[in-house]
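Taking it in order: structure first as structure tokens, then the write-up.
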Amino acid sequence: MALPMPAAVTAAREEQPADCARCQACGGALRIRFATVRDPQTREVFSILECSNCGLGHTAPRPEDLAKYYRGYYGGRHGKTASYCARRRVRILREVGGSAAGHLLDVGCGDGTFLLAARAAGWSVAGTEMNTAPARQAGLDVYAAISDVRSLAPFDSITLWHTFEHLTDPRATLGEIRGLLSPKGVLIIAVPNAGGLQARAFGAKWFHLDVPRHLYHFTRPSLANLLRSEGFIPFREWHQEFEYDLLGWSQSALNLAPGPPNLFFDLLRGFKPPVGKLASAAAWVSGSLATVLSIFLVPVGTLTRAGGTLIVASRRA
């Protein structure tokens, strides 16, 4: 079956509802940032439109049924670094949420690794996730939608670790979250930084574009603008999550070469590769080397406040 061509993408984009012609965050006009971005899983072609006002990126066209794009999406995404990632997130939670553990909601909690770490640190926890089974099997209270946790509110902290970019309506979600957060509560959002060094270096080949699962592509200004417009005041930032930033450099560089995209990443996750043993071995070697070299690039993004990941803590206005 032939892959769709960019012209087909343009036609499909023109057929989108009228509200897709304007920025979801500020209503500004949208312009093409990347005309052709391929989904690494299906190889379908999408575009990324950018708001001329706030800079928020929008994936276009937006599929009516996103479920098929998540088949095979979940798995050992963090591998051996999962524990470190969860512990660092708990440290961030303590830094901005106060030393006393409180009531926590994690939106898009995945398999519950972070919630388990937070619970071990003394927090009372709950989560939301489309597929609730893995986290529930871990003994966590997890619900399918934010609307299902209203009876548990208020929360002292609400977190969205690489969830916000997946949401179909981030503005509406912020409105829901504001109603669930205690007056002095803290909201923490982590997203890929579409204005960072990696995004600028690799353009449409950047690993963390991940269309169409990532419906929105946030820069520092566009995220801050959206938060303020929905009654939040950003007060603290972090500019990397080590594993995300590391693979952002290495896998993006590898994707510049011919061959299946994200092959090294899929091998790390234990997925069956679409290539033979020799090509897989070569991917392991090149991926490992690129990852080692990328270790020296991660601090550059952090120090310049332009890392591959942007984490923002906010309070209600």
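The values are calculated or read from the model by the stated rules, or taken from the named source; none is laboratory data. All values derive from a computational prediction rather than experimental measurement. Neighbour counts run over all protein chains shown; Cβ positions are idealised from the backbone, glycine included.
Tell me whether segment 134-150 contains one or more residues that are touching a Pro at 6+ places or on another chain (Cβ under 8 Å) and at pLDDT 95 or above.
At the first step, the residues of segment 134-150 found to be touching a Pro at 6+ places or on another chain (Cβ under 8 Å) are none.
Checked against the condition, which is being touching a Pro at 6+ places or on another chain (Cβ under 8 Å) and at pLDDT 95 or above, segment 134-150 yields no hits at all.
Can you find, within segment 106-151, the residue that is farthest from residue 182 (Cα to Cα) among those that are among the polar types (S, T, N, Q) and surrounded by fewer than 17 Cβ atoms within 10 Å (Cβ to Cβ)?
So in segment 106-151, the residues among the polar types (S, T, N, Q) come out as 113, 124, 128, 131-132, 137, 147, 151.
Within this subset, residues satisfying the condition of being surrounded by fewer than 17 Cβ atoms within 10 Å (Cβ to Cβ) are 124, 131, 137, 147, 151.
Details: 124: 14, 131: 27, 137: 29, 147: 16, 151: 13 Å.
By that ranking, first place goes to 137.
Given the structure, is residue 282 more than 22 Å from the chain's Cα centre (by Cα) and under 30 Å from residue 156 (Cβ atoms)?
On the way: more than 22 Å from the chain's Cα centre (by Cα): yes; under 30 Å from residue 156 (Cβ atoms): no.
No, not satisfied.
Any idea which of (1) farther than 22 Å from residue 243 by Cβ; (2) surrounded by fewer than 23 Cβ atoms within 10 Å (Cβ to Cβ); (3) touching a residue at least 60 places away in the same chain (Cβ under 8 Å) is the one residue 96 doesn't satisfy?
(1)
Out of curiosity, is residue 267 surrounded by fewer than 20 Cβ atoms within 10 Å (Cβ to Cβ), in a helix (DSSP H, G or I) and not acidic (Asp, Glu)? Walk me through how you get there before you give the answer.
Values: surrounded by fewer than 20 Cβ atoms within 10 Å (Cβ to Cβ): yes; in a helix (DSSP H, G or I): yes; not acidic (Asp, Glu): yes.
Yes, satisfied.
So, of the residues in segment 74-93 that are modelled with pLDDT of 90 or more and touching a Ser or Thr at 6+ places or on another chain (Cβ under 7 Å), which turns out to be farthest from residue 105 (Cα to Cα)?
86
When you look at residue 155, is it under 22 Å from residue 228 (Cβ atoms) and of a type in the set (Phe, Trp, Tyr), yes or no? Outline the logic, then answer.
Working: under 22 Å from residue 228 (Cβ atoms): yes; of a type in the set (Phe, Trp, Tyr): yes.
Spelling it out, residue 155 is indeed under 22 Å from residue 228 (Cβ atoms) and of a type in the set (Phe, Trp, Tyr).
Are there any pairs, at least 6 apart or on different chains, whose C-beta atoms fall under 9 Å, with the first in segment 132-159 and more than 27 Å from residue 310 (Cβ to Cβ) and touching a residue at least 40 places away in the same chain (Cβ under 8 Å) and the second crowded, with 16+ Cβ neighbours inside 10 Å and of a type outside the set (Asp, Glu), and if so, which?
Hits for this filter: 152/103; 152/105; 152/126; 152/143; 152/180.
Which residues, taken from segment 1-43, are over 20 Å from the mean Cα position of the chain (by Cα), modelled with pLDDT of 95 or more and of a type in the set (D, E, K, R)?
Scanning segment 1-43 gives a single hit, 31.
Which ones in segment 217-226 are touching a helix residue (DSSP H, G or I) at 6+ places or on another chain (Cβ under 7 Å) and surrounded by fewer than 24 Cβ atoms within 10 Å (Cβ to Cβ)?
226
Going through 219, 304 one at a time, which residue ends up being among the hydroxyl-bearing types (Ser, Thr, Tyr) and within 16 Å of the chain's Cα centre (by Cα)?
Values: 304 fails: within 16 Å of the chain's Cα centre (by Cα).
One residue alone meets the criteria, 219.
For residue 59, indicate whether it is among the β-branched types (Val, Ile, Thr) and closer than 28 Å to residue 204 by Cα. Write out each step before concluding.
Numbers: among the β-branched types (Val, Ile, Thr): yes; closer than 28 Å to residue 204 by Cα: yes.
In short, yes.
Just name the residue that is surrounded by the fewest Cβ atoms within 10 Å (Cβ to Cβ) out of those in segment 277-307 that are touching a residue at least 12 places away in the same chain (Cβ under 8 Å) and not in a helix (DSSP H, G or I).
So, considering only residues that are touching a residue at least 12 places away in the same chain (Cβ under 8 Å) and not in a helix (DSSP H, G or I), the one surrounded by the fewest Cβ atoms within 10 Å (Cβ to Cβ) is 304.
If you take the residues of segment 271-288 that are out of contact with any Leu (no Cβ under 9 Å at 6 or more places or on another chain) and under 26 Å from residue 37 (Cβ atoms), which of them is modelled with the highest pLDDT? Can you show your working first?
Taking segment 271-288 as the starting set, the residues that turn out to be out of contact with any Leu (no Cβ under 9 Å at 6 or more places or on another chain) are 271-272, 276-278, 281-282, 285, 288.
From what's left, under 26 Å from residue 37 (Cβ atoms): 271-272, 282.
Details: 271: 86, 272: 86, 282: 95.
Filtering first and then ranking leaves 282.
Criterion first (modelled with pLDDT of 95 or more and surrounded by fewer than 21 Cβ atoms within 10 Å (Cβ to Cβ)) does residue 71 satisfy it?
Values: modelled with pLDDT of 95 or more: no; surrounded by fewer than 21 Cβ atoms within 10 Å (Cβ to Cβ): yes.
So residue 71 fails the test.
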